[in-house]
1. Does any residue of the stretch 57-67 turn out to be without any contact (Cβ under 8 Å) to a residue 40 or more places away in the chain and over 17 Å from HIS157 (Cα atoms)?
2. Restricting to the stretch 137-164, count the residues that are under 24 Å from GLN112 (Cβ atoms) and without any contact (Cβ under 8 Å) to a residue 24 or more places away in the chain.
3. From the list ARG98, ARG78, exactly one residue is without any contact (Cβ under 8 Å) to a residue 24 or more places away in the chain and among the basic types (Lys, Arg). Which is it?
4. Going by the conditions given, is ALA75 in contact with a Leu (Cβ under 8 Å, 6 or more places away or on another chain) and within 12 Å of the ligand (Cβ to nearest atom)?
5. Scan the helices (runs of 4 or more DSSP H) fully inside the stretch 97-214 and keep the ones with 1 or more residues being within 16 Å of the ligand (Cβ to nearest atom), closer than 30 Å to ARG61 by Cα and of a type in the set (Phe, Trp, Tyr).
6. Would you confirm, using the coordinates I've provided, whether GLU60 is in contact with a Lys or Arg (Cβ under 8 Å, 6 or more places away or on another chain), at pLDDT 95 or above and among the acidic types (Asp, Glu)?
7. Of all residues being charged (D, E, K, R) and surrounded by 14 or more Cβ atoms within 10 Å (Cβ to Cβ) in the stretch 102-131, which is farthest from the chain's Cα centre (by Cα)? Just the residue, please.
8. Taking PRO15 as the residue in question, decide whether it is within 15 Å of the chain's Cα centre (by Cα) and within 11 Å of the ligand (Cβ to nearest atom).
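The values are calculated or read from the model by the stated rules, or taken from the named source; none is laboratory data. Only a predicted model underlies this, so the values are computations on that prediction, with no experimental measurement involved. All Cβ positions, glycine included, derive from the backbone under ideal geometry; neighbour counts span all protein chains shown.
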Amino acid sequence: MHKVSDLKVLYFGTPVVLISSRNPDGGANLAPMSSAWWLGQSCMLGLGNSAQTTANLRRERECVLNLAPSSLADAVDRLAMTTGASTVPRRKAEMGYRYEPRKFAVAGLTEQPSELVAPPRVLECPIQLECEVVAAHPFGEDNASATAFHVTVRRAHVEEKLIIPGTHYVDPIAWDPLIMKFCEFFGDGRNVRSSRLAAGWRMPHDLRAPAKVS
Ligand SMILES: Cc1cc2nc3c(=O)[nH]c(=O)nc-3n(C[C@H](O)[C@H](O)[C@H](O)COP(=O)(O)O)c2cc1C
């Protein structure tokens, strides 16, 4: 039996991407995001307009999409509720966001130079996509509060163990992406840790509660 519901959140489960971009001072910014989908060598990224990443992508037109494995959930969670924007917008501040210019250090992740673009890769991420911005489209509610960036992959770096030998394909069994589902972190179908993002959004679910049988 289906029930009509005025769903408050439509985050059904998407891979977590750590997007690196270059700040105006030349340093690196790093932000978790999961509104990303691919078509061929193109990718669409949904980013809020208050994010430092959005400003960086508009200005520099380059980024690296570092795909996070489920084993990096702790590092991703350390980046949650941080922004590289020195002025934290009021809505974000109310949710508990803070300014953090040293994203790699806070996450405990390592910068690895890219080959074609200025922003660094994340060494610990087994899939790293060096990308160029093709177009930026206004997106979202509230007078286009977000931007949909169309990026194209210029170079892909993949940990050798994930490649099916003798091919240019990722082994789907070997690759275990970190999935953000309704603000919670999942790997291999299981909840892997608690989530600061879910707390910031005041999500009503309690993952420790036993499932109710009706
Ligand atoms: C797991 C996870 C997924 C997120 N997904 C998105 C997203 O798809 N789009 C977005 O705009 N923000 C997303 N956020 C929130 C951003 O990380 C947040 O806006 C952050 O301040 C961006 O960093 P920046 O301001 O340094 O660019 C996500 C956060 C987490 C922890």
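1. Taking the stretch 57-67 as the starting set, the residues that turn out to be without any contact (Cβ under 8 Å) to a residue 40 or more places away in the chain are 59.
Imposing the further condition that a residue be over 17 Å from HIS157 (Cα atoms) reduces the set to 59.
Taking every residue of the stretch 57-67 in turn, at least one turns out to be without any contact (Cβ under 8 Å) to a residue 40 or more places away in the chain and over 17 Å from HIS157 (Cα atoms).
2. Count: 3.
3. Working: ARG78 fails: without any contact (Cβ under 8 Å) to a residue 24 or more places away in the chain.
Being without any contact (Cβ under 8 Å) to a residue 24 or more places away in the chain and among the basic types (Lys, Arg) holds for just one of ARG98, ARG78, which is ARG98.
4. Values: in contact with a Leu (Cβ under 8 Å, 6 or more places away or on another chain): yes; within 12 Å of the ligand (Cβ to nearest atom): yes.
It is true that ALA75 is in contact with a Leu (Cβ under 8 Å, 6 or more places away or on another chain) and within 12 Å of the ligand (Cβ to nearest atom).
5. Working: elements: 103-107, 141-144, 196-200.
Fully inside the stretch 97-214 and qualifying: 103-107.
6. On the way: in contact with a Lys or Arg (Cβ under 8 Å, 6 or more places away or on another chain): yes; at pLDDT 95 or above: yes; among the acidic types (Asp, Glu): yes.
In short, yes.
7. Quick first cut of the stretch 102-131, residues charged (D, E, K, R) only: 102-103, 111, 115, 121, 124, 130.
Keeping just the survivors that are surrounded by 14 or more Cβ atoms within 10 Å (Cβ to Cβ) gives 103, 111, 121, 124, 130.
On the way: LYS103: 13, GLU111: 16, ARG121: 14, GLU124: 15, GLU130: 15 Å.
Checked the stretch 102-131; the qualifying residue farthest from the chain's Cα centre (by Cα) is GLU111.
8. Details: within 15 Å of the chain's Cα centre (by Cα): yes; within 11 Å of the ligand (Cβ to nearest atom): yes.
So PRO15 passes the test.
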